1. Suppose we keep only residues that are farther than 30 Å from THR36 by Cα and surrounded by 15 or more Cβ atoms within 10 Å (Cβ to Cβ) within the range 188-218. Which one would you say is modelled with the highest pLDDT?
2. Residues of the range 45-64 being under 22 Å from the mean Cα position of the chain (by Cα) and either loosely packed, with under 14 Cβ neighbours inside 10 Å or not in a loop (DSSP other than H, G, I, E, B) (or both), which ones?
3. Just name the residue that is surrounded by the fewest Cβ atoms within 10 Å (Cβ to Cβ) out of those in the range 65-104 that are in contact with a Phe, Trp or Tyr (Cβ under 8 Å, 6 or more places away or on another chain) and aliphatic (A, V, I, L, M).
4. Scan the range 91-149 for residues that are of a type in the set (S, T, N, Q) and more than 30 Å from GLY264 (Cβ to Cβ) and report the count.
5. For the range 234-289, list the strands (runs of 3 or more DSSP E) that sit wholly inside it and hold at least 1 residues that are surrounded by 16 or more Cβ atoms within 10 Å (Cβ to Cβ), free of Cβ contacts under 8 Å to residues at least 40 places away in the same chain and of a type in the set (Val, Ile, Thr); which are they?
6. Just to verify a result, which residue in the range 157-168, among those that are in a loop (DSSP other than H, G, I, E, B) and not polar (S, T, N, Q), is nearest to ALA179 (Cα to Cα)?
7. Mind listing just one residue for me: the one in the range 290-311 that is of a type in the set (Asp, Glu) and surrounded by 13 or more Cβ atoms within 10 Å (Cβ to Cβ) and, of those, nearest to VAL232 (Cα to Cα)?
8. Cβ-Cβ distance below 7 Å, separation of 6 or more or different chains: which pairs start in the range 182-206 with a residue that is closer than 12 Å to VAL171 by Cβ and end on one that is of a type in the set (Gly, Ala, Ser)?
Amino acid sequence: MNFIKPSLIVILFLYSVVCNSIISVYAQDASEVRATRIDGTVTRNGGLLKEGDIIQRDDKIAVKENSAAVLTWSNGSIMEIYPETILAMNGVIYEGDRKLEQSLVTLEKGRIFAKAQVPDHIFTQFEVRAGNVPVMSQGSEFALKLDEAGKKFTLWSLIGRTVVYLGTDRVRVEEGQQAILEAGGIPPVPAPMPDKTKEALLKTSKRLGGSLLIEEETVSTGGPLKIKIGGVKNRRGDAPYTVNFRAVISGGSGKIKSIQWSFGDGESAEGKEVQHTFTQGVYIVVVRVEDENGQKVTSQISISVEEACAC
């Protein structure tokens, strides 16, 4: 009979604990995607999808005629799926070293509206493949429509930038623009979206809840002093990356004594609006505000600068 030494048993036990802990942390960091609203008939892999169900990797969602669904990511992203739409959830991946969450979806036909947003402490890459064409966002709100044959799609970028990849070509669809692509056609030139389309998308965005990308600045005074970092629609960029920051302030006395910025690279600045250029790396930008009554608040945001961020 072979015996295992007690010391080896301890080592194996500790190894198992560590491995299980790593798996647990990884799972907690990646968003959980859940069906938070179901109107009418919506199926998952052929069976009925119900409100509260968790969407798993490779699940195929089919929204029938006169029906709709809303999927919500635990880290903040939201997707509304319109009638007669089919899509596949290819997975949500979290890279801890880059603090980057990647969501992968394939739109087979129909239309979606996505609020591809996450909190300021992590980054996002939200990819929807329209047929064989990747449409990527690092934090925008956009709508995407793909025809039955999968040969033509329209992209509307409501807030922030959305990027379309056509082989070696990269088409940036900026906030308030739309682009129409046909299979085999030349890369589209983005154009301003019609006012009626923009109004309809804004209503959809508001109905789905608040946006982390909309800056609401009030001139109200009194109560606690509050600060938020604004002006940043893209928290990831190619090196060197120049970013404009703005202090969005409310409450307090109404008279600000100081606004101080630190950019995480040893550099600093003062003022309500500042600009800074970053080299490659991940940085925590902090703003500190004090009013004339001595109230002090801080806010921070992460900036990632990469050699080629695909954004």
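The values are calculated or read from the model by the stated rules, or taken from the named source; none is laboratory data. Only a predicted model underlies this, so the values are computations on that prediction, with no experimental measurement involved. Using ideal geometry, Cβ is built from the backbone for each residue, glycine included, and neighbour counts are taken over all protein chains shown.
1. Checked the range 188-218; the qualifying residue modelled with the highest pLDDT is PRO190.
2. Within the range 45-64, the subset under 22 Å from the mean Cα position of the chain (by Cα) is 52-61.
Those that are under 22 Å from the mean Cα position of the chain (by Cα) and either loosely packed, with under 14 Cβ neighbours inside 10 Å or not in a loop (DSSP other than H, G, I, E, B) (or both): GLY52, ILE54, GLN56, ARG57, ASP58, ASP59, LYS60, ILE61.
3. The selected residue is ALA68.
4. Going through the range 91-149, the residues of a type in the set (S, T, N, Q) turn out to be 102-103, 106, 117, 124-125, 132, 137-138, 140.
Pick out the ones that are also more than 30 Å from GLY264 (Cβ to Cβ) and you get 106, 132.
Number satisfying all stated conditions: 2.
5. Values: elements: 236-238, 241-250, 256-262, 268-270, 273-278.
By residue number, 241-250, 256-262, 273-278.
6. If we filter the range 157-168 for residues that are in a loop (DSSP other than H, G, I, E, B), which is where we start, we get 160-161, 167-168.
Pick out the ones that are also not polar (S, T, N, Q) and you get 160-161, 167.
On the way: GLY160: 14, ARG161: 12, GLY167: 17 Å.
This residue is ARG161.
7. Applying the first criterion (of a type in the set (Asp, Glu)) to the range 290-311 yields 290-292, 306-307.
Within this subset, residues satisfying the condition of being surrounded by 13 or more Cβ atoms within 10 Å (Cβ to Cβ) are 290-291, 306.
Working: GLU290: 22, ASP291: 24, GLU306: 17 Å.
The residue in question is GLU306.
8. Filtered contacts from the range 182-206: PRO188/ALA179; PRO190/ALA179.
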